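See below for the structure under consideration.
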Amino acid sequence: MSTTYIQNRFVEIFRGIPRFGHPDDFSLLFAQANSAAAAAAAAAAAASSRRDYTLGTLFVGTFLFAFFFIWMLLLAIFMCCGPKKVGFLAGFRMKEPYGKKNFKTPGIVRTVFVFSCLVVIAGVALSTFVWGFNDLKTASDQGLDITQNFLEIAQQGRDIVTFSILNAANSIALRDTVVDELRAEVFCAADPDTSGQPISEGRNTLVQDLYALDDFSIDELRTLRISGFGKMASSGEDWEYYFNIFGVQQWQLLTYFVLFAAISLFFMIGTFFAAAGKPLKALACWNTWFLLPMFLILVTLAWSIVSFYGIGAVMNSDFCSGGEAPGSPDVTISKIIEANQNEYLKDIYNYWISESCNTATFPLPFLPEFQTNLEKAISSMSNLRELMVAATNLTAICGGKDFGAIYGYFTLLTDDYSAISTNITNTIELLECSNVNPMYKELVHDVACHDVPEASIWAFGSLLIVSFFSMVMITIRSSWLDVIKNEEVPSSFEIAYPQDLEGEKRRNSNLSSEVFNDSPKENNKSKNKYFREGDEDDEDINRELEMLEADDESENGRNRSYIG
């Protein structure tokens, strides 16, 4: 635990984010009206300050989410344009251009896709098990432990003060009875011989000490219980709730890792099979119609979390650098305390966060004063009892009075006062700076302003990289689909590539008009011309050529016979 605050370098980075004229004072979020008279105007001013500060922190988050939104909008536009204008970016199968033998686009696209898959898997693995979200989980667990310790102090203090109030209330009547007994003239008219202090002097001292206890500070103890420990317990419960809700949980990390890694792995396997020329139709269908929609939801959530972390990192840096540069969280905490309407807790909180709190004045002086009065009363009772026991012929001198009852009262009062004194001592120890200040520094200086910024920047960076390359995977999602060859015309070809189908129809139309020309010789040349443009080594084509030539010879013979 650091004794003095040293600003983290990541706090400095995010503190320098542009604010466009908006303030960077984190304590403005807690601005409140200071008096009922000015409540309306002060409330409006406080709301304006909170809104003004919040707007200044939105730059990073808004920029990142706008980037994601524009990318998604482009993908939607590509899908509307179709493969006729944007090719595989529309999400359809890549098609080998007509007449092009060395088509490298699928290899390049699939290489980028597989690389993106590997980056996503590595990113989620490292941020889950090494640094980033794993460090955030550690920091949130530490913050939760410290908060629970603070909550335990508040609950213990409330219970201790409650017992003190009950003991004090029960002791008031007994104290009054003892005082009346000591002040009565029949207590002992004569002053027995003692070797030391006279009994009458000891009796008067005890009466004064019992009167000094007054009402046993019951009103102050009740205020401490309700406005002090009660409010502290309420704040601790709120922070415990926030840590449980917004803190990083183990199941969240595992879900994040499993979903992104598993989906990326399925995409990558499908791409490998497609690249090998052996696409798995079932896997392609699974990837396209089930995993891809799920992946879109995950990526949208990831970009939202990235934007949220951007805003949170800016706010955290403002909290940790309050006041003049380089700033300190202590300044921010002091401003928040001043904005707090619970006047009772201001002195206590300022006492706890003070660098010199070990030498500072205790903020609740009635407690040590009350404890001092209790100890004096206990000591006076013990002293008077010793004098009375040591006196010679006390019963005879005092007219045969039986002091058994007063001894019993002394015992009861001593027990009650000792219990109350112990409770007050425990209460003071709970509130001591040496007990709370180390927890404050560990929570604020070490966890909130050192561990959290460092873990946040790694979590933010890793999630941003994962989100970016996930979008790359979505953009080139046709990687796991097989490539359409230039001689292949699938059943869905007219829908996917209507422009190429029209080209095929035009070529077939030209072929038919030339093949079935009125001139037999031209007819033969045309057929030979078109069929020989193909692969002459293809046996099927050669056989078809021979059959067409035989038909031409037969037709020419019939024509010559007819002419003759």
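The table that follows gives values for the structure above.
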| item | result |
| --- | --- |
| Point-to-point label distance, Arg50-Glu201, nm (Cα→Cβ direction, 7 Å offset) | 6.6 nm |
| Mean shadow area of the stretch 147-261 over all directions, Cα convex hull, nm² | 11.4 nm² |
| Size descriptor, Kirkwood hydrodynamic radius, that averages inverse alpha-carbon separations across the stretch 60-184, Å | 22.7 Å |
| With all protein chains modelled, accessible area of Arg50 [1.4 Å, Å²] | 80 Å² |
| Rounded if a/c under 1.5, otherwise prolate or oblate - the stretch 376-416, Cα gyration tensor axes | oblate |
| Environment charge of Asn383, counting only residues whose C-beta is closer than 15 Å and scoring Lys/Arg +1, Asp/Glu -1 | -1 |
| Nitroxide proxy distance, nm - points 7 Å out along Cα→Cβ at Glu181 and Tyr344 | 3.6 nm |
| Environment charge at Gly247 (Cβ cut-off 9 Å; Lys +1, Arg +1, Asp -1, Glu -1) | 0 |
| R0 of 30 Å, Cβ-Cβ distance Phe20-Ala125: FRET efficiency to nearest 0.05 | 0.20 |
| For a label point 7 Å along the Cα-to-beta-carbon line of Ser356, residues of the stretch 300-330 with backbone N under 14 Å | none |
| FRET efficiency for Arg222 and Glu12, using Cβ-Cβ distance with R0 set to 51 Å, rounded to 0.05 | 0.65 |
| Charge context of Gly236, other residues only, Cβ under 13 angstrom, K/R +1, D/E -1 | -3 |
| Added length on full extension, which subtracts the Cα-Cα distance from 0.36 nm per residue, Thr4 to Gln208 | 68.7 nm |
| The stretch 36-152 - percent relative contact order, Cα under 8 Å, separation 6 or more | 7 percent |
| With every protein chain in place, the stretch 298-347: carbon and sulfur % of accessible area (1.4 Å) | 64 percent |
| When each of Lys85/Lys278; Lys376/Lys401; Lys104/Lys278; Lys335/Lys441; Lys281/Lys485 is checked by Cα-Cα distance, pairs over 25 Å | Lys85/Lys278; Lys376/Lys401 |
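The values are calculated or read from the model by the stated rules, or taken from the named source; none is laboratory data. All values reported here derive from a predicted model rather than from experimental measurement. Heads up, the Cβs are rebuilt from the backbone with ideal geometry, glycines too, and the neighbour counts pull from every protein chain shown. These area figures cover heavy atoms from the full protein model, side chains too; ligands, DNA and RNA do not enter into them. Shrake-Rupley method; radii C 1.70, N 1.55, O 1.52, S 1.80 Å.
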